[in-house]
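The values are calculated or read from the model by the stated rules, or taken from the named source; none is laboratory data. For clarity, every value in this text was computed on a predicted model and none was experimentally measured. Neighbour counts are summed over all protein chains in view; Cβ atoms, including those assigned to glycine, are modelled from backbone coordinates with ideal geometry.
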């Protein structure tokens, strides 16, 4: 195995977020379940956007946020995702490159436009998302370059990729390429509803050795193992024998790996404003730690700190120099 | 090893509590640290009692509360503790027998009176204690009957016993008797300040195999291992290789035993009124579970439920039929 060019390569949906404040009544009227991600089509996105309050636009996408965080910490990061050659596509490409992530995916010159995620942030700092996948649905195996995958110590996949049909094939190809090159694969389960949609397939994937590092929040891991009890989900995860980071919001996180079990407190910002990107940034810190030999506990503490930064403001990516923000604190 | 007559034998301070509401300013004026237990003499107890608000009296004592809980769950429970033949001593003996705990310790006919713990409950449901040990200071090795210890599956000791000089000797004798009879010893660290006072000795005790089952809250286990980080304390506890229940208030508990690690949620009552006895009742549920082959996770859930009952009202012991309260819930 040659030295790696990248610490982490992320493959996911390339999305520009539109964040607006909303109240619970608005979510009810729109038939949206708080905290979840719903897939919508172009027409529904246009209509919902018309009813949303004035907001801000910011490059997002779950794995993309994670890679932006890794670059912010000083890690060598690359991202693969599909945009259209439109205004939003340019914004996405500009923003991810501006934070130092290598992004070489060519913009599509035809087909649906760049993906948009309409994010409604309620006063309790929860975010509820409606995503128009647009150009992302075209992401397929051809977008996965075996050489690029082999050049990254860890390839990080978001569970949302399992929704578009081609995404699955890209996902499987990336796993095969990574493992053939002796590299590791990380997976985020992304969303409890996404896990419900693809439970059996995700379970097959993690049980059959496809995933070396699993990220899941409490709702997602509970959905995967069909239990309402965290400890039951924890024991089932432990039986998989892989590295896992189970995040529990203000309850902190539980980390499994080999014989190790760590219980790590959350890093709580003075005021929690918006949870968009919190899980993504936790993954950023954890993956940076794993690829810099920090060990499981310090990696998790770093993840918690990165999540705290993004919880403290509107928007899914860090607004300060992340390396400075965490220095000496984990 | 013959069949056990008792599931659990508790050895501890036999105390009657006086519970009164208080505010933070009162604690400050009295020089008391919120959440802690301070030892005071008879004169100081008299003076403090005179300044406290009107309250209620209730039999208490940490291990005694635990044994009352075990009996309430239907377990076979015995308690050893020293009272004087005075009015409070009669109250203590009456109350612990009334809930079904075997209590055969003879009341002292001379010396200091029955112990009193002045418990100030602040509006945040925290309890701050000032204890006049009285007759308890006389508890010594002669009070430990080897036959009684041998007849109990687990002998449960409270860390507070380490404060009076004779208590230590009683403590060590109980451990020797239990282990010679092939029985297990459980220890509660009782209080972070108590751990500070006796840190090296407690650490020797648990490191040298004196304790099979350890109870500690987050402050106590952090004090034992001189760390401010829960996961660091957790890893140090795990290295001891014993069964341990680490309680974290609303963050739930973490259970270690053999290769098992469980993360159990707290059972939270609708309204938390008074934390007096919460740790004691957690230990009750856990020890009942261990002596009834419920396994670590179910035992911890039972402990959480028992703690929730006592959190929901003023006073250190259950006010409902505990077996009915928990049925079907763990």
> Restricting attention to the range A:291-300, and to residues there that are surrounded by fewer than 24 Cβ atoms within 10 Å (Cβ to Cβ) and in contact with a strand residue (DSSP E or B) (Cβ under 8 Å, 6 or more places away or on another chain), which single residue is nearest to the other protein chains (Cβ to nearest Cβ)?
Replying inline: A:297
>> Going by what's in this entry, would residue A:265 be described as within 12 Å of chain B (Cβ to nearest Cβ), on the phi < 0 side of the Ramachandran plot, without any contact (Cβ under 8 Å) to a residue 60 or more places away in the chain and touching a helix residue (DSSP H, G or I) at 6+ places or on another chain (Cβ under 7 Å)?
In response: yes
>> Quick check on the range A:306-326. Is at least one of its residues assigned to a helix (DSSP H, G or I), within 14 Å of another protein chain (Cβ to nearest Cβ) and in contact (Cβ under 8 Å) with a residue 12 or more places away in the chain?
In response: no
> If you scan the range B:59-80, which residues turn out to be touching a strand residue (DSSP E or B) at 6+ places or on another chain (Cβ under 7 Å), in contact (Cβ under 8 Å) with a residue 40 or more places away in the chain and within 20 Å of residue B:151 (Cβ to Cβ)?
Replying inline: B:63, B:64, B:66, B:67, B:70, B:75, B:76, B:77, B:78, B:79, B:80
> Is it the case that the range B:169-190 has a residue that's in contact (Cβ under 8 Å) with a residue 60 or more places away in the chain, closer than 29 Å to residue B:226 by Cα and assigned to a loop (DSSP other than H, G, I, E, B)?
Replying inline: yes
> residue A:234 versus (1) within 13 Å of chain B (Cβ to nearest Cβ); (2) farther than 19 Å from residue B:255 by Cβ; (3) in a helix (DSSP H, G or I): which is the lone unmet condition?
Replying inline: (2)
>> Looking at A:281, A:256 in this structure, which one is within 14 Å of chain B (Cβ to nearest Cβ), at pLDDT 95 or above and either closer than 28 Å to residue B:257 by Cα or surrounded by 24 or more Cβ atoms within 10 Å (Cβ to Cβ) (or both)?
In response: A:256
> Quick check, is residue B:138 at positive phi and surrounded by 18 or more Cβ atoms within 10 Å (Cβ to Cβ)?
Replying inline: no
> Among the candidates B:161, B:148, which residue alone is closer than 17 Å to residue B:5 by Cα and assigned to a helix (DSSP H, G or I)?
Replying inline: B:148
> Only one of these conditions is not met by residue A:222: (1) outside any helix (DSSP H, G or I); (2) more than 11 Å from chain B (Cβ to nearest Cβ); (3) more than 16 Å from the chain's Cα centre (by Cα). Which number is it?
Replying inline: (1)
> Residues of the range B:203-219 being part of a helix (DSSP H, G or I) and within 25 Å of residue B:289 (Cα to Cα), which ones?
Replying inline: B:205, B:206, B:207, B:218, B:219
> Taking the range A:117-145 as the region of interest, how many residues are closer than 21 Å to residue A:250 by Cα and in a helix (DSSP H, G or I)?
Replying inline: 0
> For the range A:254-290, which residues satisfy the criterion of being touching a strand residue (DSSP E or B) at 6+ places or on another chain (Cβ under 7 Å), assigned to a helix (DSSP H, G or I) and closer than 20 Å to residue A:230 by Cβ?
Replying inline: A:279, A:282, A:283, A:286
> Given the residues B:99, B:56, which is the only one that is more than 27 Å from residue B:291 (Cβ to Cβ) and at pLDDT below 95?
Replying inline: B:56
>> Against the definition (touching a helix residue (DSSP H, G or I) at 6+ places or on another chain (Cβ under 8 Å) and in contact (Cβ under 8 Å) with a residue 60 or more places away in the chain), how does residue A:120 come out, yes or no?
In response: yes
> Which one of B:4, B:36, B:20 is touching a helix residue (DSSP H, G or I) at 6+ places or on another chain (Cβ under 7 Å) and at pLDDT below 95?
Replying inline: B:36
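Quick grid of which residues meet (1) more than 30 Å from residue A:25 (Cβ to Cβ); (2) in contact with a helix residue (DSSP H, G or I) (Cβ under 8 Å, 6 or more places away or on another chain):
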{"site": "A:44", "(1), (2)": "no, no"}
{"site": "A:49", "(1), (2)": "no, no"}
{"site": "A:57", "(1), (2)": "no, yes"}
{"site": "A:69", "(1), (2)": "yes, yes"}
{"site": "A:73", "(1), (2)": "yes, yes"}
{"site": "A:97", "(1), (2)": "yes, no"}
> Out of all the residues in the range A:237-253, which are within 12 Å of chain B (Cβ to nearest Cβ) and part of a loop (DSSP other than H, G, I, E, B)?
Replying inline: A:248, A:252
